[in-house]
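S.K.: What follows is a single structure, and I will ask about it in a moment.
Derivation of every value follows stated rules applied to the coordinates shown; laboratory data play no part. What you are looking at is a predicted structure, and each value in this text was computed from that prediction instead of being measured. Quick reminder, even Gly has a Cβ in these numbers, built from the backbone with ideal geometry, and neighbours come from all protein chains shown.
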Amino acid sequence: MAKQKSSFFCQNCGAQSGKWIGKCPSCNEWNTYVEEIIHKETKNDRLQLFSKNKNDKKTANKSLLLQDVGLQNYPRIAVPGKELTRVLGGGIVPGSLVLFGGEPGIGKSTLMLQLALRLKNLKILYVSGEESEQQIKMRAERIGVTTETCFILQETNTQNIFQQIGEIEPQLVIIDSIQTLHTAFVESSPGSVSQVRECAAEFLRFAKETNVPVFMIGHITKEGSLAGPKILEHMVDTVLQFEGDRNHIYRLLRATKNRFGNTNEMGIYEMSGDGLREVTNPSEILITNRENATSGVTISATMEGNRSMLIETQALVSTAAYGTPQRSSTGFDLRRLSMLLAVLEKRCGFNLAAKDVFINIAGGIKVEDPGIDLALVCAILSSNEDLPILQNTCFAAEVGLTGEIRPVNRIEQRISEAEKLGFEKIFISTHNLKGLQIKNFKIKIIAVSKIEAVFSNLFG
């Protein structure tokens, strides 16, 4: 019997070492190396599981000139629903490998099962390593969509999965989840670095050789990143992140990596008892309808990818009960909040150093658009002075370190969205007036260059 060889792998980034190391030289994490047994493949180990004709012999690829490479136009597979279509970049690309991650219980399996049930013109294989067939059947009945082209397979061995794929010949494969699968070519437990990497590599080869798209569900760590080696994100074509607050019914679908589309796109879903429902107009949901104006509440016109939407920003400024003032932010970067408070303190003369400041983005979403800065500053000043801002006013501008109002991109889309929802005034930067056709908008556009001008215009 041949001696088994072992090596050490980093559980964070997948780096390999011949001996145990306390600190990984690649990702600088401590105590992440684990020992795993290496199985060296021979020529007869792997079967031609992907080829329809088992007698076909695989020939080595030859180098070609770039001008001699022929293009084959494969139409994208249409996806039911505008949200997933937008995030994927227009549909599912044949032969693509998509990694779908999210927190436990966020709705990953529900969204993938909805996708499998609603694609009625395709033959789909749904492979589950976490749930039984009865559990998937119960979820499908709860969703209320029936289909005759969706096959369910409860299996964790990749060799058996490819055998079923060869018999069924599906047009789309969904894996739930990649951490539960294991292959016989790696002698380690399921979920380890070697197993996850090897199983993903097998499905990558399958997708590219057969031109069948594969969706893989992946778990995430407590830090919010995808579990497994970092190389897993580099191998796939698209990485989708499903996020949201457990206390809210809304779920956000983002593309952190997409070789076939824009990575800034976002889709919004609403969790209900019969599955996930698409939110076509998020602005109406993210804005609270109040009878009376309240201090510390402003509306900001933001951009998420190519979509413009209005969100509600809330601020509360109070006298610090203890010696050290508190700074709390929900849905907004805390470091950027500290920067905005420093600008108000230094450039505008507002004494906020001894006061508690709390920031909240309504709806439980996270915003990274710098165009929300002016709305946050106005909400903080409104709460500090206890002066309400009119509900028909919104903001779209960035605040610089010198206190100037900086321009933002796609200002026309932001103004159009505000006008569509019935707002009467919008504050923008004076630098955004260049090339802007004000006559095309019915909303009153107020251009400002300093925070003091905004404050005097709002409160007199």
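S.K.: Would you kindly derive the ³J(HN,Hα) couplings of the range 293-299 from the backbone phi angles with the Karplus curve 6.51 cos²θ - 1.76 cosθ + 1.60 (θ = phi - 60°), listing them in order in whole Hz, with x for Gly and Pro?
M.R.: Per-residue couplings from phi come out as 5, 10, 6, x, 10, 9, 10 Hz.
S.K.: Express in nm, to one decimal, how much length is gained between residue 327 and residue 293 on full extension, taking 0.36 nm for each residue of separation and deducting their alpha carbon distance.
M.R.: The span from residue 327 to residue 293 would gain 9.8 nm if fully extended.
S.K.: Arrange the peptides 199-212, 129-142 so that the one whose residues have, on average, the most other Cβ atoms within 10 Å appears first.
M.R.: Packing proxy ranking, top to bottom: 199-212, 129-142.
S.K.: How would you order 398-411, 184-197 from highest to lowest mean count of nearby Cβ atoms within 10 Å?
M.R.: For the peptides 398-411, 184-197, the packing ranking is 184-197, 398-411.
S.K.: Pulled fully out, how much extra length does the chain show between residue 235 and residue 63, if you take 0.36 nm times their separation in residues and subtract their Cα-Cα distance?
M.R.: Gain on stretching residue 235 to residue 63: 59.7 nm.
S.K.: Follow-up. Over the residues of the range 284-459, compute the C-alpha Rg and express it relative to 2.2 N^0.38 Å.
M.R.: Cα Rg divided by the expected 2.2 N^0.38 Å: 0.97.
S.K.: Below 17 Å, Cα to Cα, which aspartates and glutamates can residue 120 reach? Residues fewer than 8 away in the same chain don't count.
M.R.: Cross-link targets: 141, 148, 169.
S.K.: Separate question: Sum up the charges of everything whose Cβ sits under 9 Å from the Cβ of residue 451, counting Lys and Arg as +1 and Asp and Glu as -1, but leave residue 451 out.
M.R.: Local net charge: 0.
S.K.: Quick one, could you list the DSSP H helices from the chain stretching 24 Å or more along their long axis (Cα atoms) with average Kyte-Doolittle hydropathy of -0.5 or above?
M.R.: Going by DSSP H runs, the hits are 193-210.
S.K.: Cα to Cα, under 16 Å, and not fewer than 8 places away if on the same chain: which aspartates and glutamates meet these conditions relative to residue 444?
M.R.: Straight-distance partners of residue 444: 412, 417, 419, 424.
S.K.: Cα to Cα, under 14 Å, and not fewer than 8 places away if on the same chain: which aspartates and glutamates meet these conditions relative to residue 5?
M.R.: Within the straight-line limit of under 14 Å, residue 5 reaches these aspartates and glutamates: 35, 36, 41, 187.
S.K.: Rounded, prolate or oblate: which fits the range 77-280 when a ≥ b ≥ c are the square roots of the eigenvalues of the alpha-carbon gyration tensor, with rounded for a/c under 1.5 and prolate only if a/b beats b/c?
M.R.: rounded
S.K.: Assigning unit charges at the beta carbon (Lys, Arg +1; Asp, Glu -1) and nothing else, what dipole magnitude in debye, to the nearest 20, does the chain show about its Cα centre?
M.R.: 1060
S.K.: Residues of the range 283-309 with backbone nitrogen within less than 19 Å of a virtual label 7 Å along the Cα-to-Cβ line of residue 318, please, listed as ranges.
M.R.: Residues 294-298 qualify, since their backbone N sits under 19 Å from the label point.
S.K.: Could you give the length gained by full extension between residue 256 and residue 118, i.e. 0.36 nm per residue of separation minus their alpha carbon distance, to one decimal place?
M.R.: 47.2 nm
S.K.: Quote the charge dipole size of the range 91-187 about the Cα centre in Debye, to the nearest 20; the model charges only the Cβ of Lys and Arg (+1) and of Asp and Glu (-1).
M.R.: Magnitude of the dipole: close to 420 debye.
S.K.: In nm, to one decimal, how far is the modelled label at residue 209 from the one at residue 189, with both set 7 Å along Cα→Cβ?
M.R.: Using points 7 Å along Cα→Cβ, the separation is 3.1 nm.
S.K.: Could you point to the label whose value was computed as semi-axes √(5λ) of the Cα gyration tensor in Å for the structure here, given [x] 49, 26, 21; [y] 40, 24, 21; [z] 37, 32, 23?
M.R.: [x]
S.K.: If r is the Cβ-Cβ distance from residue 438 to residue 334 and R0 is 22 Å, what FRET efficiency results, to the nearest 0.05?
M.R.: 0.05
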